[in-house]
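Below is one structure, written out as structure tokens; comments come after it.
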Amino acid sequence: MKLLGVHVIGEQATELVHIGLSVMVMNGDADVFIYTCYNYPTLSELYKYATYDALGNRTT
């Protein structure tokens with residue numbers, strides 16, 4: 001599963017877009033988001049939850 005694009009809308013969008021861009025530039029896949037350690041609680045960890053949802057694995 002490859003990331004094809006990133007859309008973020010909101011006040012702190014600039015804080016999130018670069019994470020997806022970095023994964024796209026290095027040709028990373030879903031595993032990058034799953035195995036990356038994100039600070040908690042931050043908006044950046046939403047990449048991990050979104051990846052779990054895309055894979056069909058609910059974390060709750």
*Give the residues of segment 1-17 that are under 10 Å from the mean Cα position of the chain (by Cα) and loosely packed, with under 15 Cβ neighbours inside 10 Å, sorted by residue number.*
V17
*Mind checking which residues of segment 1-48 are among the aromatic types (F, W, Y) and at pLDDT 90 or above?*
F33, Y35, Y38, Y47
*Could you identify the single residue in S22, S44 that is touching a residue at least 24 places away in the same chain (Cβ under 8 Å), in a helix (DSSP H, G or I) and among the hydroxyl-bearing types (S, T, Y)?*
S44
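Do the conditions hold for Y38, that is, is it assigned to a loop (DSSP other than H, G, I, E, B) and touching a Ser or Thr at 6+ places or on another chain (Cβ under 8 Å)?
Judged against the criteria, Y38 is a match.
The values are calculated or read from the model by the stated rules, or taken from the named source; none is laboratory data. Fair warning: this is a prediction, and the values are worked out from it, not measured in the lab. Using ideal geometry, Cβ is built from the backbone for each residue, glycine included, and neighbour counts are taken over all protein chains shown.
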